[in-house]
Amino acid sequence: MSAFNAVRLTDRVYWVGAIDWAIRDFHGYRTGRGTTYNAFLVLGDRITLIDTVKKPFFGEMMSRISSVVDPSRIDYVVSNHSEMDHSGALPETLAAVRPGKVFASPMGRKALALHFHWDPDTVEVVRSGDILSLGDLDMTFLETRMLHWPDSMVSYIPREKVLFSQDGFGMHLASTERFDDELPLHVLDEEAEKYFANILMPFSPLVTKLMEKLRELDLSIDLLCPDHGPVWRSHVVRILEKWSDWALQKPKPRAVIVYDTMWRSTASLADAICNGLSSKGVSVRVMPLGSTHISDVATGTLDAAALIVGSPTINGQIFPSVAACMTYLGSLKPRNMVGAAFGSYGWSGEAVGRLEELLGGLGIPLAAEGLNINYVPDDGALQRATDMGAAIGDRIVGMCSGSE
Ligand code: FEO
């Protein structure tokens, strides 16, 4: 008897992935609700496995496959994405199953060979528009380069109206429920947005092109099956629309204040700036890095109109947690926002100027002069911070009303 069971998605398609309840750090991304590594079994005349799982979960995947068919009956394996949360178990899978063929995109074949030091001929290439016959079912492919790896592609079965979208439209969420409508919608929204912000944000222009391509192809999609999180069944259109919207990074009247503090001087400036912004009707997310993960800061920037960064100067440098956050945000390229810097210092005050340079490097124009306060802010300094928030608030209201 199998220890793990597959989940039937359609008469011909089963989920045979794995649930990672424990993971909280996905190379820097705080996965507070765990994740799943989704693999799918297609019961065509030629039985096909789509993607595998992270290496330690090989046994779980095989157990789920065994609950449906003898794994040795698998004819084909399709690798939509070579990142090791989906390909890590591939070598063991091939050894156990000995499929007739393995398919990947051209870049996927190259990436898999470089990961596992295979002869590239281990993998057969499929390209956008190719049709793979599974006997009574056809599978087609669309390469989605740099979404989010060069090898990424999606696979589609027209007869079943199922799109296997690899990381696309996914989220990190461990659950026994496999369908979107079995889970609270606000949790799906939260995790899908976080996933987009932390994985896809730097590729937003390409996402916009992909969404245009999908509209042009006019695929009929009953099930949208990503490689992480639940399968979309009831909210397919909604998640497609959300991706289109997120990719535009259109600012809303929101600001992110991110900072760290040593003796609460920088913290009290953050609170005063927040008051100034709030007085203009701007929604503010205050994110102290002592208790906020940088992946949540990234999510906050997705639709914010301002990024306001605070740091004490410590021995001539930006406080390390703030510097790390700026490096992380630099890799994600938040757009369509203004910025400002603030902080406290003792005997030298380099941090604010350096933060302004970093904001400039991100292409974020400054909306206010940096606020750099010696030691502890007095009432006058706090008023300056409030005024700074109010001035940025006016700018945000103008940006979001389209008057600038
Ligand atoms: Fe889920 Fe890009 O791997």
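A short reminder: the numbers here are calculations on the coordinates, not readings from a lab. If you're wondering where the values come from, they're calculated on a predicted model, not measured in any experiment. Glycine also receives a Cβ, built like all others from the backbone with ideal geometry; neighbour counts cover every protein chain displayed.
Mind checking the angle between helix 106-116 and the chain's longest principal axis? C-alpha axes, 0 to 90 degrees, to the nearest 10.
90 degrees
Zone of GLN383 (label point 7 Å along Cα→Cβ, backbone N under 16 Å): which residues in the range 232-273?
272-273
For HIS117 and VAL187, what does the FRET efficiency come to when R0 = 30 Å and r is the distance between their Cβ atoms, rounded to the nearest 0.05?
Result of the calculation: an efficiency of 0.15.
Considering only DSSP beta bridges whose two residues both sit in the chain, what percent are antiparallel, to the nearest 5?
45 percent
Given the chain, what count of lysine pairs have C-alpha atoms under 23 Å apart, with each pair 8 or more places apart or on different chains?
So the count works out to 27.
What does the net charge come to around HIS235 if you take all other residues with beta carbon closer than 12 Å to its beta carbon, with K and R at +1 and D and E at -1? Please list the in-between numbers first.
Numbers: positive: ARG233, ARG238, LYS242; negative: ASP180, ASP181, GLU182, ASP189, GLU241.
Net charge in that neighbourhood comes out at -2.
Given the Cα-Cα distance of LEU219 and SER331 and 0.36 nm per residue of separation, how much length would full extension add, in nm? Walk me through the numbers before you get to the answer.
Details: separation 112, 0.36 × 112 = 40.32 nm, distance 3.25 nm.
Gain on extension, LEU219 to SER331, equals 37.1 nm.
Fewest to most neighbouring Cβ within 10 Å: what's the order for ASP387, ASP151?
The most exposed by this proxy come first: ASP387, ASP151.
Rounded to the nearest 0.05, what FRET efficiency is calculated for LEU248 and ASN275 with R0 set to 25 Å and r the Cβ-Cβ distance?
Plugging the Cβ-Cβ distance into 1/(1 + (r/R0)^6) gives 0.25.
What angle, in degrees between 0 and 90 and rounded to the nearest 10, separates the Cα long axis of helix 204-217 from the longest principal axis of the Cα atoms of the chain?
Around 40 degrees separate the two axes.
Dipole size in debye (nearest 20) for the chain around its Cα centre, Lys and Arg Cβ +1, Asp and Glu Cβ -1?
Roughly 80 debye for the chain.
Return one number: the angle in degrees, 0 to 90 and rounded to the nearest 10, between the long axis of the Cα atoms of helix 185-195 and the longest principal axis of the Cα atoms of the chain.
Roughly 80 degrees between the two axes.
By its C-alpha gyration tensor, with a ≥ b ≥ c as the square roots of the eigenvalues, how is the chain shaped: rounded for a/c under 1.5, else prolate for a/b larger than b/c, else oblate?
Details: a/c = 2.58, a/b = 2.25, b/c = 1.15.
Taking the square roots of the gyration eigenvalues as a ≥ b ≥ c, the chain is prolate.
Could you grab the relative contact order for the chain? Cα pairs under 8 Å, six or more apart, rounded to a whole percent. Don't skip to the end; give the middle numbers.
Numbers: 895 pairs, mean separation 48.3, N = 404.
This gives 12 percent for the chain.
In what sequence do ILE131, ILE308, ILE47 fall when counting other Cβ within 10 Å, fewest first?
Ordered from fewest to most neighbouring Cβ atoms within 10 Å, ILE131, ILE308, ILE47 come out as ILE131, ILE47, ILE308.
For the range 255-399, what's the relative contact order in percent, using C-alpha pairs closer than 8 Å and at least 6 residues apart?
Normalised by residue count, the contact order of the range 255-399 is 32 percent.
Mind running the shape call on the range 7-248? Use the C-alpha gyration tensor, a ≥ b ≥ c as the square roots of the eigenvalues: rounded below 1.5 for a/c, prolate if a/b tops b/c, oblate otherwise.
Since a/c stays below 1.5, the shape of the range 7-248 is classed as rounded.
Show the residues, 5+ positions off or on another chain, whose built amide H is closer than 5 Å to the amide H of LEU366.
Correct list: GLY339.
Taking 41 Å as R0, compute the FRET efficiency from the Cβ-Cβ separation of GLU357 and THR208 and round it to 0.05. Walk me through the numbers on the way to the answer.
Values: r = 30 Å, r/R0 = 0.72.
Calculated value: 0.90.
Compute the relative contact order of the range 7-248 as a whole-number percentage, counting only Cα pairs closer than 8 Å that sit 6 or more residues apart in sequence.
Worked out over the range 7-248, it gives 17 percent.
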